[in-house]
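Engineer: Pasting a structure below so you can have a look.
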Amino acid sequence: MALIVHKYGGTSMGSTERIRNVAKRVAKWARAGHQMVVVPSAMSGETNRLLGLAKELSPELASDDILRELDAIAATGEQVSVGLLSIALQAEGMQAVSYAGWQVPIATDSSFTKARIQSIDDSRVRADLAAGKVVVITGFQGIDAQGNVTTLGRGGSDTSAVAVAAAMKADECLIYTDVDGVYTTDPRIVPEARRLHTVSFEEMLEMASLGSKVLQIRSVEFAGKYRVPLRVLSSFTPWDINIDEEARSGTLITFEEDEKMEQAVVAGIAFNRDEAKVTVLGVPDKPGIAYQILGPVADANIDVDVIIQNVSHDGKTDFSFTVHRNDYARTLDVLKNTVLPHTGAAQVMGDAKICKVSIVGIGMRSHVGVASKMFRCLSEEGINIQMITTSEIKTSVVIDEKYMELAVRALHKAFDLEQETT
Ligand code: ADP
Ligand code: ASP
Ligand code: MG
């Protein structure tokens, strides 16, 4: 008998019919003798609908007071899901009980809309499991030390599930979603994308951080930190598929590098449309200038991603960096109001229509020429690279958003990702 955590995403929970299917699948696993904890997301579209209502009342959703209320609102989507799934399980003849994050409790910090899980008290859940119940816990939400409801950022149910699995030392965490695993790139953009049978933890971490939303990055971090066996698989297979076959399907996140993985130089391509670029022109090129520009941006709690400083001419240089698109307007404000007057820079410019495309692979550590192959491929497509950033196992470029799909398709082909690696 194993302790298994299942997570079901929004599409998998998208209608009462689908919830019934989830219940049948979970019941199958429980009847096979496993202790089951299930973490569902809100029904598809529900979180957007709820946040949309808030936006109708206040277009500017940035103050701490508003963020607190946003979390109170957004968390209700998952609360509906756990109740519905428990009822569906009971209708299948199972004993089932649902808990909201605060009832478990799942303790988080107070960073509303992007809270981090600090601890999980699993005593109540363990008692229910021991009594033969299936336990259904809300994804995406927790409670802070002051008793406020918090949420973990978009896609955060993945993190809830892995964190519950880590806290309970579950034998496996299965992330059921609307694709049948992790692909070489988003199969919605490149239909030839290939499912990976395994992907290394490090590659998954990079892909998630670079925009592959199939797993929220923090869920991958948790899996790595606590060595949670993690698999991504489809919730759209027939619920009564053979359980052993199901348990081997999808994509397994692995923690050991095996030889086969070494051979795939590039494992996948990630992309992210959520960024915007800002440039400060004519900055005096002297020690401390990066701090003078980025210090006020950090003070405004804005995360900076790719950074480029040009060579200087006549003692002046240009300084560009990217931020999340949601922070674009605020970043321009900070630069115009604080940085320009203090640094003597000439001008601030911005472009919110950019995207970042990245190639990821642990094989890049031991192979030269991978980045240049990427640049050649993009140049053959006539795509201008605005910024480049690299690490040991990835190369990212910032390009005009309108070329994103073209770039991803061309790179996917150039690196032979549609082919089965041997
Ligand atoms: P869920 O609601 O189940 O959490 P998400 O929409 O958050 O599902 O994540 C699944 C989606 O991630 C897929 O439908 C797919 O479009 C997208 N995706 C992006 N990159 C990848 C990838 N490399 N492999 C698989 N899916 C990917
Ligand atoms: N419902 C939340 C969202 O839409 C959390 C999740 O689906 O993982 O972001
Ligand atoms: Mg998701």
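Engineer: I'd like the residue in the stretch 3-29 that is open to solvent by 20 Å² or more (accessible area, probe 1.4 Å) and away from ligand 3 (no atom under 16 Å from the Cβ) and, out of all such residues, is nearest to the chain's Cα centre (by Cα).
Structural biologist: Out of the qualifying residues, it is 15.
Engineer: Being on the phi > 0 side of the Ramachandran plot and away from ligand 3 (no atom under 11 Å from the Cβ) is the filter here, so list the residues in the stretch 146-181 that pass it.
Structural biologist: Let us first name the residues in the stretch 146-181 that are on the phi > 0 side of the Ramachandran plot, namely 147, 153, 155, 169, 181.
Once the filter is applied, which keeps residues that are on the phi > 0 side of the Ramachandran plot and away from ligand 3 (no atom under 11 Å from the Cβ), the stretch 146-181 yields 147, 169, 181.
Engineer: Filter the stretch 36-49 for residues that are away from ligand 3 (no atom under 16 Å from the Cβ) and under 17 Å from residue 82 (Cα atoms); which is surrounded by the fewest Cβ atoms within 10 Å (Cβ to Cβ)? Steps first, please.
Structural biologist: Looking only at the stretch 36-49, we keep the residues that are away from ligand 3 (no atom under 16 Å from the Cβ), and these are 36-37, 49.
Then keep just the ones that are under 17 Å from residue 82 (Cα atoms); that gives 36-37.
Working: 36: 25, 37: 27.
Going through the qualifying residues, I end up with 36.
Engineer: Which condition from (1) in contact with a Pro (Cβ under 7 Å, 6 or more places away or on another chain); (2) surrounded by fewer than 16 Cβ atoms within 10 Å (Cβ to Cβ) is the one that residue 338 breaks?
Structural biologist: Here residue 338 clears every test but (2).
Engineer: Write out, first by first residue and then by second, each pair whose Cβ atoms fall under 8 Å of each other, whose residues are 6+ apart or on separate chains, and whose first residue, in the stretch 120-142, is free of Cβ contacts under 8 Å to residues at least 40 places away in the same chain while the second is buried (at least 24 other Cβ atoms within 10 Å of the Cβ) and assigned to a strand (DSSP E or B).
Structural biologist: So the pair list comes out as 128/135; 133/96.
Engineer: Going residue by residue through the stretch 66-82, is there one that turns out to be within 16 Å of ligand 2 (Cβ to nearest atom), within 22 Å of residue 177 (Cα to Cα) and either part of a strand (DSSP E or B) or in contact with a Gly (Cβ under 6 Å, 6 or more places away or on another chain) (or both)? It would help to see each step written out before you state the result.
Structural biologist: Initial filter on the stretch 66-82 (within 16 Å of ligand 2 (Cβ to nearest atom)): 67, 70-82.
From what is left, the residues that are within 22 Å of residue 177 (Cα to Cα) are 74-82.
Add one more test, that the residue is either part of a strand (DSSP E or B) or in contact with a Gly (Cβ under 6 Å, 6 or more places away or on another chain) (or both), and what stays is 78.
Yes: the stretch 66-82 contains one or more residues that are within 16 Å of ligand 2 (Cβ to nearest atom), within 22 Å of residue 177 (Cα to Cα) and either part of a strand (DSSP E or B) or in contact with a Gly (Cβ under 6 Å, 6 or more places away or on another chain) (or both).
Engineer: A follow-up question, please. Of the residues 224, 282, which single one is assigned to a strand (DSSP E or B), surrounded by fewer than 22 Cβ atoms within 10 Å (Cβ to Cβ) and not β-branched (Val, Ile, Thr)? Step through it out loud before you land on a result.
Structural biologist: Details: 224 fails: assigned to a strand (DSSP E or B).
None of the others qualify; the one that does is 282.
Engineer: Okay, moving on. Looking at the stretch 286-307, which of the residues that are in contact with a helix residue (DSSP H, G or I) (Cβ under 7 Å, 6 or more places away or on another chain) and part of a loop (DSSP other than H, G, I, E, B) is surrounded by the most Cβ atoms within 10 Å (Cβ to Cβ)?
Structural biologist: Only one residue fits best here, namely 302.
Engineer: So which residues in the stretch 390-420 are more than 14 Å from residue 271 (Cβ to Cβ), open to solvent by less than 60 Å² (accessible area, probe 1.4 Å) and hydroxyl-bearing (Ser, Thr, Tyr), if there are any at all?
Structural biologist: 391
Engineer: Going by the conditions given, is residue 367 part of a loop (DSSP other than H, G, I, E, B), at pLDDT below 90 and more than 29 Å from residue 154 (Cα to Cα)? Step through it out loud before you land on a result.
Structural biologist: On the way: part of a loop (DSSP other than H, G, I, E, B): yes; at pLDDT below 90: yes; more than 29 Å from residue 154 (Cα to Cα): yes.
Judged against the criteria, residue 367 is a match.
Engineer: Going by the conditions given, is residue 44 in contact (Cβ under 8 Å) with a residue 40 or more places away in the chain, closer than 20 Å to residue 140 by Cβ and within 14 Å of ligand 2 (Cβ to nearest atom)?
Structural biologist: Numbers: in contact (Cβ under 8 Å) with a residue 40 or more places away in the chain: no; closer than 20 Å to residue 140 by Cβ: yes; within 14 Å of ligand 2 (Cβ to nearest atom): yes.
Here the answer is no, as residue 44 does not meet what is asked.
Engineer: Of all the residues that make up the stretch 1-52, how many are part of a helix (DSSP H, G or I) and within 12 Å of ligand 1 (Cβ to nearest atom)? Give the derivation first.
Structural biologist: Going through the stretch 1-52, the residues part of a helix (DSSP H, G or I) turn out to be 16-31, 46-52.
Those left that are additionally within 12 Å of ligand 1 (Cβ to nearest atom): 18, 22, 46-48.
Selection size over the stretch 1-52: 5.
Engineer: Please specify each residue of the stretch 234-248 satisfying the condition of being open to solvent by 40 Å² or more (accessible area, probe 1.4 Å) and either assigned to a loop (DSSP other than H, G, I, E, B) or modelled with pLDDT under 95 (or both).
Structural biologist: Across the stretch 234-248, the qualifying residues are 236, 237, 238, 239, 240, 242.
Engineer: Separate question: Within the stretch 145-181, can you find the residues that are open to solvent by less than 10 Å² (accessible area, probe 1.4 Å), away from ligand 2 (no atom under 11 Å from the Cβ) and among the charged types (D, E, K, R)?
Structural biologist: Those that are open to solvent by less than 10 Å² (accessible area, probe 1.4 Å), away from ligand 2 (no atom under 11 Å from the Cβ) and among the charged types (D, E, K, R): none in the stretch 145-181.
The values are calculated or read from the model by the stated rules, or taken from the named source; none is laboratory data. Just so you know, these numbers come straight off a predicted model, no measurement behind them. No Cβ is skipped: glycine too gets one built from the backbone with ideal geometry, and neighbour counts run over all protein chains shown. Accessible surface is based on the protein model in full, side chains and every heavy atom, while ligands, DNA and RNA are left aside. Shrake-Rupley method; radii C 1.70, N 1.55, O 1.52, S 1.80 Å.
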